[in-house]
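Comments concern the structure below.
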Protein chains: 2
Amino acid sequence: MQWLSPAHRAALATEYRRHLLDDVIPFWLRHGMDSQQGGYFTALDRDGAVVDTDKSIWFQGRGAWMFATLANTVEPRREWLDAARSGIDFLQRFGRDSSGKYHFTVTRDGRPLRMRRYAFSESFAAIAFAAYARASGDESFADHAHEAFAAYLRYAFDPAQSLPQFPAKINPQTRPMLGIGPLMIGIATAQELRANLGDRIIAGRSCTQWIDHWIDSIATRFLNREHEALLEVVAPDGSVIDHFDGRMLNPGHALECAWFVLQEARQRDRADYRQLGLTILDWMWRRGWDCEYGGIFYFRDLRGLPVQEYWQDMKFWWPHCEAIIATLLAFEMTGESRYAEWHRAVHEWSFRHFADAEFGEWYGYLHRDGRISTPLKGSMWKGPFHLPRMLWYCWRLLEPRG
Amino acid sequence: MQWLSPAHRAALATEYRRHLLDDVIPFWLRHGMDSQQGGYFTALDRDGAVVDTDKSIWFQGRGAWMFATLANTVEPRREWLDAARSGIDFLQRFGRDSSGKYHFTVTRDGRPLRMRRYAFSESFAAIAFAAYARASGDESFADHAHEAFAAYLRYAFDPAQSLPQFPAKINPQTRPMLGIGPLMIGIATAQELRANLGDRIIAGRSCTQWIDHWIDSIATRFLNREHEALLEVVAPDGSVIDHFDGRMLNPGHALECAWFVLQEARQRDRADYRQLGLTILDWMWRRGWDCEYGGIFYFRDLRGLPVQEYWQDMKFWWPHCEAIIATLLAFEMTGESRYAEWHRAVHEWSFRHFADAEFGEWYGYLHRDGRISTPLKGSMWKGPFHLPRMLWYCWRLLEPRG
């Protein structure tokens, strides 16, 4: 059966749906819910046993978004609504300190452990509240979503608003630099808010205007035409910072960026965004795919020099999830056979190496050759997000009425 | 030839000396000196090419200590004295900001890039100044050494003195915890100051009193008799913090601790320290040695659960250097055959996998099975320290008049 032929599409849609609804989501509902204190555990051993009860605030938001989104787009199943509500409640009760900034980790019962400079907890809270506003029909959560997004904008982009205890990692007087992460997360967050709450104005711009603003910055600063690469950090004028950090490419991250942009192109019929997304995908697939062992390298150097991060050649689950989405979406939008071929390659490699047929869900961290580094199914960095989002997104892409 | 028999000892001493003086030190003198701006580059490719000109302040101190120590203990060779002076000058001109705290990294010409909460730059500056005071005969450097050690004591152990922009990583109200790192580095720093400048009083205690204070804390808090392990972080009463961080063992770090304690035992003929050092070595060799592939694992879990760090099974050069010293010193002090056997095992594995016969020096980062992860010879984390210190220490241990 030819990959992504009509008959294969139906089979693949079924595979994604089944893996999502019969394996991954039940794994988290069975093992990740804290029935006593509320919210989600994510530090789960191979079989789902909780190995650390500390809670990631990122994953309270991401998990609540995922469960609410299933309720919104598949069916309003009670256990999904309850699961979403559990994360939402935990976020509201324990997510923030008195300054309004969200934590990074807290104890099982919500006492603060760690806060970070980054504002990604804010962005994940925003998408959770937005999806839950729609799932619950309770309009007050729309306000919470907009508040969290406004906090994200403040902490991620306005240096004057940064908390004094979290100075920039690299002295901005000596070496001013911009990272692509906040722009990408900004785009995905604004897309979610717009989808669930409409295109409202937040901090002076509509969601669509924010998205255009960030895509423009990616196209003009981070896409490097000389080197044919999407950079992770750049000087404010878009030039290469020729040091370890400035040369470090993250192909999986770039492929995630590619599909955020392609999705915007598809929804708004923007040929320029379509071209940008495909360019990022073409260049960064070439940078990231491991022709020897298969799979996507974690880091690469812009000029082919050694990367400082010693685990740079490992294969993580999430870049593979993002690559599966990006290649499938590109094929849907273009019909070009190379995207079907890339999709096949990364789909097959991922399901063969990451999936755990015995206990369910995916391993997160493999060595370059596909051997398992740690059998954890979750941690403070891995929870019910990239994998179920990929399965949900691809299923619906292949079967729009799914 | 039996390992560590008299004839073998002479051959081994020659091997360590030659590798130090004919390979490793020339590698750094040839490739690591910044003849224009002073100080040391450490980000060197396999062949010594500079791949990042940013400078590590840790390694300005560690490198200057190493070069000055060779001048003090081998011979007062001009190029070693000049190399030491270059790092010392750079440290004095560019090492600190106006608050007196040392940076972590600066640009090639000394502009500040990154400062961290930790005070290890201070401790490495202290040993550099102490060794250079002796090498140069300039007593003013003794004062600099004591100042830097006092700054280390202040930033590493007095929370009230911490800079407001560097709060504790984990909220100390929620989860008070102590790390072993500052104690270990404190011991090694005080040992160096005492060796080069005499046993002076700093911040109310002599070097020897500081060492006793920290060894006592290690014995009573960090050595866990129930689990037979040396912990990296503990609750203030020494109990296990049963979360990812609290369970994480670092066997190479523990073996380094073992030889710091054994060295103190040997110098002062302290049977209690001898027993402590050997206990740490016995327990942590068992935890760290990889019976399947050989070499020392980077992280292990106290209870055998998965470690959160996904690169936990990699083999780094420095734990192997520390293990080579610890096992040799234990054999010297006890004559017990298991230490000779362990020394043989880690020596042979290390020289077979880390050493680069073609370009010199050692690779730093290997996969579990010994394959090279990155060919870098140095970075912001690897420079002229662990490897040359090991070669110098073992050579002199085997050939006391070397």
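The values are calculated or read from the model by the stated rules, or taken from the named source; none is laboratory data. Bear in mind the structure is a predicted one, so any value in this text is a computation, not a measurement. Here the Cβ is made from the backbone with ideal geometry for all residues, glycine too, and neighbour counts use every protein chain on show. Surface accessibility is based on the protein's heavy atoms, side chains included, excluding ligands, DNA and RNA. Shrake-Rupley method; radii C 1.70, N 1.55, O 1.52, S 1.80 Å.
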Worksheet entry | Unique residue being of a type in the set (D, E, K, R), without any contact (Cβ under 8 Å) to a residue 24 or more places away in the chain and assigned to a loop (DSSP other than H, G, I, E, B) when the list is B:D216, B:D143, B:D138 | B:D138
Discussion item. Within region B:319-332, does at least one residue satisfy the condition of being facing chain A (nearest Cβ under 9 Å), small (G, A, S) and in contact with a strand residue (DSSP E or B) (Cβ under 7 Å, 6 or more places away or on another chain)?
Written reply: no
Discussion item. Can you say whether A:I170 is touching a strand residue (DSSP E or B) at 6+ places or on another chain (Cβ under 9 Å), over 29 Å from A:E332 (Cα atoms) and modelled with pLDDT under 95, as far as the supplied structure shows?
Written reply: yes
Worksheet item: Which of the residues belonging to region A:232-241 are under 14 Å from A:L183 (Cβ atoms) and either at pLDDT below 95 or not in a strand (DSSP E or B) (or both)?
Response: A:E232, A:P236, A:G238
Fill in: Residues (in contact (Cβ under 8 Å) with a residue 40 or more places away in the chain, in a loop (DSSP other than H, G, I, E, B) and not hydrophobic (A, V, I, L, M, F, W, C)) located in region B:1-35
B:G32, B:D34
Discussion item. For region B:242-255, check the following and say yes or no: at least one residue is within 14 Å of another protein chain (Cβ to nearest Cβ), open to solvent by 50 Å² or more (accessible area, probe 1.4 Å) and modelled with pLDDT of 95 or more.
Written reply: yes
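For the condition open to solvent by 20 Å² or more (accessible area, probe 1.4 Å) and closer than 30 Å to A:K315 by Cβ, what is the one hit in B:R266, B:R300?
B:R300
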Practice prompt. Filter region A:297-311 down to residues that are within 13 Å of A:D245 (Cβ to Cβ) and within 7 Å of chain B (Cβ to nearest Cβ), then give me how many there are.
Written response: 3
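Of the residues that make up region B:221-231, is at least one crowded, with 23+ Cβ neighbours inside 10 Å and in a helix (DSSP H, G or I)?
No, there is no match, as no residue in region B:221-231 is crowded, with 23+ Cβ neighbours inside 10 Å and in a helix (DSSP H, G or I).
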Worksheet item: Failed condition for B:S123, given (1) under 16 Å from the mean Cα position of the chain (by Cα); (2) open to solvent by 10 Å² or more (accessible area, probe 1.4 Å); (3) not aromatic (F, W, Y), with all others met?
Response: (2)
Item to complete: Six or more apart or on different chains, Cβ under 6 Å: which pairs go from a residue in region B:41-54 that's more than 16 Å from B:L113 (Cα to Cα) to one that's part of a loop (DSSP other than H, G, I, E, B)? Could you list them?
Response: B:L44/B:K377; B:L44/B:G378; B:R46/B:F359; B:R46/B:P375; B:D47/B:F359; B:V50/B:F41; B:V51/A:L305; B:V51/B:D45
Item to complete: Among the residues of region A:320-338, write down those that are open to solvent by 10 Å² or more (accessible area, probe 1.4 Å) and assigned to a helix (DSSP H, G or I).
Response: A:F331, A:E332, A:M333, A:T334, A:S337, A:R338
Worksheet item: Quick check: is even one residue across region B:191-200 surrounded by 16 or more Cβ atoms within 10 Å (Cβ to Cβ), of a type in the set (A, V, I, L, M) and either modelled with pLDDT under 95 or over 18 Å from B:W65 (Cβ atoms) (or both)?
Response: no
Practice prompt. Tell me, yes or no, whether region A:36-47 has at least one residue that is in a helix (DSSP H, G or I), under 30 Å from A:A168 (Cα atoms), touching a strand residue (DSSP E or B) at 6+ places or on another chain (Cβ under 9 Å) and within 14 Å of chain B (Cβ to nearest Cβ).
Written response: no
Item to complete: Given the conditions (1) more than 30 Å from A:R117 (Cα to Cα); (2) touching a Pro at 6+ places or on another chain (Cβ under 9 Å); (3) among the aliphatic types (A, V, I, L, M), report the number of the one that B:L178 does not fulfil.
Response: (1)
Worksheet entry | Residues of region B:97-117 satisfying the condition of being within 14 Å of chain A (Cβ to nearest Cβ), open to solvent by 20 Å² or more (accessible area, probe 1.4 Å) and farther than 21 Å from B:S35 by Cα | B:D97, B:S98, B:S99, B:R114, B:M115, B:R116, B:R117
Worksheet item: Within region B:335-356, is there a residue that is in contact with a helix residue (DSSP H, G or I) (Cβ under 8 Å, 6 or more places away or on another chain), more than 13 Å from chain A (Cβ to nearest Cβ), of a type in the set (G, A, S) and on the phi > 0 side of the Ramachandran plot?
Response: no
Discussion item. Of the conditions (1) open to solvent by 30 Å² or more (accessible area, probe 1.4 Å); (2) part of a loop (DSSP other than H, G, I, E, B); (3) under 27 Å from A:L44 (Cα atoms); (4) more than 14 Å from chain A (Cβ to nearest Cβ), B:R287 satisfies every one except a single condition; which number is it?
Written reply: (2)
Discussion item. Scan region A:368-383 and tell me whether some residue there is within 14 Å of chain B (Cβ to nearest Cβ), under 17 Å from A:D23 (Cβ atoms), in contact with a strand residue (DSSP E or B) (Cβ under 7 Å, 6 or more places away or on another chain) and among the hydroxyl-bearing types (S, T, Y).
Written reply: no
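Out of curiosity, is B:Y339 out of contact with any Lys or Arg (no Cβ under 9 Å at 6 or more places or on another chain), hydroxyl-bearing (S, T, Y) and farther than 15 Å from B:L387 by Cβ?
yes
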Discussion item. So B:H146 passes all but one of these: (1) away from chain A (no Cβ under 14 Å); (2) open to solvent by less than 50 Å² (accessible area, probe 1.4 Å); (3) out of contact with any strand residue (DSSP E or B) (no Cβ under 7 Å at 6 or more places or on another chain). Which condition number does it fail?
Written reply: (3)
Worksheet, complete the sentence: A:G179 fails exactly one of (1) in contact with a strand residue (DSSP E or B) (Cβ under 6 Å, 6 or more places away or on another chain); (2) within 14 Å of another protein chain (Cβ to nearest Cβ), namely (2)
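Residues to consider are B:V50, B:V74; find the one that is modelled with pLDDT of 95 or more and within 14 Å of another protein chain (Cβ to nearest Cβ).
B:V50
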Practice prompt. Looking only at region A:367-389, decide whether some residue is β-branched (V, I, T), assigned to a helix (DSSP H, G or I) and modelled with pLDDT of 95 or more.
Written response: no
Discussion item. Against the condition closer than 15 Å to B:R46 by Cβ and touching a residue at least 40 places away in the same chain (Cβ under 8 Å), how does B:L366 come out, does it pass?
Written reply: yes
Worksheet item: Across region A:53-68, which residue is farthest from the other protein chains (Cβ to nearest Cβ) among those that are open to solvent by 10 Å² or more (accessible area, probe 1.4 Å) and charged (D, E, K, R)?
Response: A:R62
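Considering each of B:W342, B:W317 in turn, give the residue that is open to solvent by 10 Å² or more (accessible area, probe 1.4 Å) and either closer than 20 Å to B:L223 by Cα or modelled with pLDDT of 95 or more (or both).
Checking each option against the conditions leaves just B:W342.
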Fill in: Candidate set from region B:1-23 (those that are touching a Gly at 6+ places or on another chain (Cβ under 7 Å) and open to solvent by less than 50 Å² (accessible area, probe 1.4 Å)); member that is nearest to B:F124 (Cα to Cα)
B:D23
